Amino acid sequence: MNTLKHLIDISDLSVEEIGQLIDTANDIIANPGKYSEKCRGKKLATLFFEPSTRTRLSFEAAMYELGGNVLGFSEAQSSSAAKGESVADTAKTVSCYADIIAMRHPKEGAPLVAAQNATIPVINAGDGGHFHPTQTLADLLTIAREKGSFENLTVGFCGDLKFGRTVHSLIGALSRYSGLNVVLISPEELKLPSYVKQEVLKKAGIPYIQTSNLEEYMPNLDILYMTRVQRERFFNEEDYLRLKDSYILTPDKLKNAKKDLSIMHPLPRVNEISVEIDQDPRACYFKQVLNGKYIRMALILKLLREAGTIA
Ligand code: NCD
C-alpha cells in the first residue's frame, strides 16, 4: 500500500490519535465557526454500495460544515459496479475527481482494496459483517462525553454479535484501555465470532462473559450497547424471523440497572429498544447520531491534513 493514511480498521488509529480526534471534535462542538472554511474547495466522495442513513448523511453534513463539497452514489445499481467494474478501478477513477473517499460495501475487505488502489485517503464506512470504524469513533466520542474516561468500564453488548460490525470495531477500540469488562449477550447462533474473541479479547486479556440473558448482568453494566439483528447477512429468512426479536429493551428490564447506565445503539433500531426508553435520560443513541457528524469532521480534517491536501 502507498504511505497515505487511510481508516480501514479502528486499529489503524493509535490511542493517542483517538484522543486527538476526540479533542478536535469537542473543539468543533464548542467553536463551529472556526472550522467552517477548513475544507473550502475540497471534495468528499461517498461511495455507498449498501443502504445507509446516518453514516452517509453524517459524512456529507460533516464535509459541508467544513466548507467542502460532496459527490457520490448511494446504491451500487447507480454506479458502474452494476456493469461489473471492480472496486480497484472504481477507486482509481474516483481518485481523479475527489480528495477523500468514504466507502460502504457488502463485501468484507472491499474498502481495503480501494485503499490499495486509490491515490487519496479511503475511509471504511462499513464492510459487510466485518468492521465499522467511524461508528466506533462516534461511540467513543459519546462514551468520552458521558463517562469522562474509557477506563474501568463494564460494557454489555446485546443482540447480533456475529454480524454486527459496529460491535467488532468497538470491542477492538475499548480493548486498548485498562479495566475493561465485557458481557456478551446474544442467542447461541449470533455469538461474537471467534476471531474477535481470539485476536482481541483473549490477546488483550480482557475478562468476558457470554450469556443469552439480558437481565442477568444488568446491575453490573456501565454501558449497554444494543444492536439490530442484521437481516441482510442471513442466509435464510426463517432464521431471521426466529431470531429478530430475541431482545427487546423495555423500562421493566432496566429496573436493576445503574442510575448512570449509558444505553447505546448504532441505529437503525428495528424493535430492540422500546420507544418509551427514548425519554429515559440514560438513552444515548440520538447523541451518538450527532456525535457521529462531529467526529467525522475531525477525521476528514486529520486525513486531509496528513495527505497534504489542506493546511
Ligand atoms: C450500523 C451499520 O451500518 O453497521 N448502522 C450505522 O452505520 N449506524 C448498524 C446497523 O446497520 O445495524
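Looking at the stretch 262-311, which of its residues are polar (S, T, N, Q), over 18 Å from M218 (Cβ atoms) and touching an Asp or Glu at 6+ places or on another chain (Cβ under 7 Å)?
Hits for the stretch 262-311 are N271, Q288, T309.
For the stretch 102-121, enumerate the residues that are away from the ligand (no atom under 16 Å from the Cβ) and within 25 Å of Q230 (Cα to Cα).
L112, V113, A114 - these are the residues of the stretch 102-121 that are away from the ligand (no atom under 16 Å from the Cβ) and within 25 Å of Q230 (Cα to Cα).
A quick yes/no check of all residues on (1) within 20 Å of the chain's Cα centre (by Cα); (2) of a type in the set (S, T, Y); (3) at pLDDT below 95:
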residue: G19; (1), (2), (3): yes, no, no
residue: G33; (1), (2), (3): no, no, no
residue: L66; (1), (2), (3): no, no, no
residue: Q77; (1), (2), (3): no, no, yes
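So, of the residues in the stretch 55-93 that are polar (S, T, N, Q) and free of Cβ contacts under 8 Å to residues at least 40 places away in the same chain, which turns out to be nearest to the ligand (Cβ to nearest atom)?
Within the stretch 55-93, the match that is nearest to the ligand (Cβ to nearest atom) is S74.
Among residues belonging to the stretch 11-25 that are touching a residue at least 60 places away in the same chain (Cβ under 8 Å) and within 20 Å of L290 (Cα to Cα), point out the one that is surrounded by the most Cβ atoms within 10 Å (Cβ to Cβ).
Selected residue: A25.
Return the pair list, or none, for Cβ contacts closer than 9 Å from residues in the stretch 32-54 that are within 17 Å of A98 (Cα to Cα) and within 16 Å of the ligand (Cβ to nearest atom) to residues that are at pLDDT 95 or above and assigned to a loop (DSSP other than H, G, I, E, B), at least 6 apart or on different chains.
Taking only residues 6 or more apart or on different chains, the pairs are T46/S52; T46/S74; F48/S74.
Given the conditions (1) of a type outside the set (D, E, K, R); (2) outside the structural domain of P281 (by TED's automatic domain parsing); (3) in contact with a helix residue (DSSP H, G or I) (Cβ under 9 Å, 6 or more places away or on another chain), report the number of the one that V167 does not fulfil.
(2)
State the number of residues belonging to the stretch 250-287 that are aromatic (F, W, Y) and surrounded by 12 or more Cβ atoms within 10 Å (Cβ to Cβ).
The number of residues fulfilling the criteria is 1.
Being touching a Cys at 6+ places or on another chain (Cβ under 9 Å) and in the same structural domain as N69 (by TED's automatic domain parsing) narrows it down to one residue among L249, L214, L224, L301; which is it?
L301
Let's see how each residue does on (1) within 16 Å of the ligand (Cβ to nearest atom); (2) within 17 Å of the chain's Cα centre (by Cα):
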{"residue": "G129", "(1), (2)": "yes, yes"}
{"residue": "H132", "(1), (2)": "yes, yes"}
{"residue": "L140", "(1), (2)": "yes, yes"}
{"residue": "A144", "(1), (2)": "no, yes"}
{"residue": "E151", "(1), (2)": "no, no"}
{"residue": "V155", "(1), (2)": "no, yes"}
{"residue": "D160", "(1), (2)": "yes, yes"}
{"residue": "R176", "(1), (2)": "no, yes"}
{"residue": "L180", "(1), (2)": "no, no"}
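Results for (1) touching a strand residue (DSSP E or B) at 6+ places or on another chain (Cβ under 8 Å); (2) acidic (D, E), shown as yes or no for each residue.
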{"residue": "R145", "(1), (2)": "no, no"}
{"residue": "S169", "(1), (2)": "yes, no"}
{"residue": "L174", "(1), (2)": "yes, no"}
{"residue": "V183", "(1), (2)": "yes, no"}
{"residue": "L192", "(1), (2)": "yes, no"}
{"residue": "A204", "(1), (2)": "no, no"}
{"residue": "T211", "(1), (2)": "yes, no"}
{"residue": "E215", "(1), (2)": "no, yes"}
{"residue": "M218", "(1), (2)": "yes, no"}
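Given (1) hydroxyl-bearing (S, T, Y); (2) part of a helix (DSSP H, G or I); (3) closer than 17 Å to I22 by Cβ, identify the lone condition not met by T166.
(3)
Does the stretch 120-159 hold any residues that are in a helix (DSSP H, G or I), surrounded by fewer than 24 Cβ atoms within 10 Å (Cβ to Cβ) and of a type in the set (D, E, K, R), and which are they?
Listed by number, the residues that qualify are R145, E146, K147.
Considering (1) surrounded by 14 or more Cβ atoms within 10 Å (Cβ to Cβ); (2) closer than 20 Å to H168 by Cα, say which one P51 fails and leave the rest.
(1)
The values are calculated or read from the model by the stated rules, or taken from the named source; none is laboratory data. None of the values given here were measured: they were computed from a predicted structure. Every residue, glycine among them, receives a Cβ derived from its backbone with ideal geometry; neighbour counts consider all protein chains shown.
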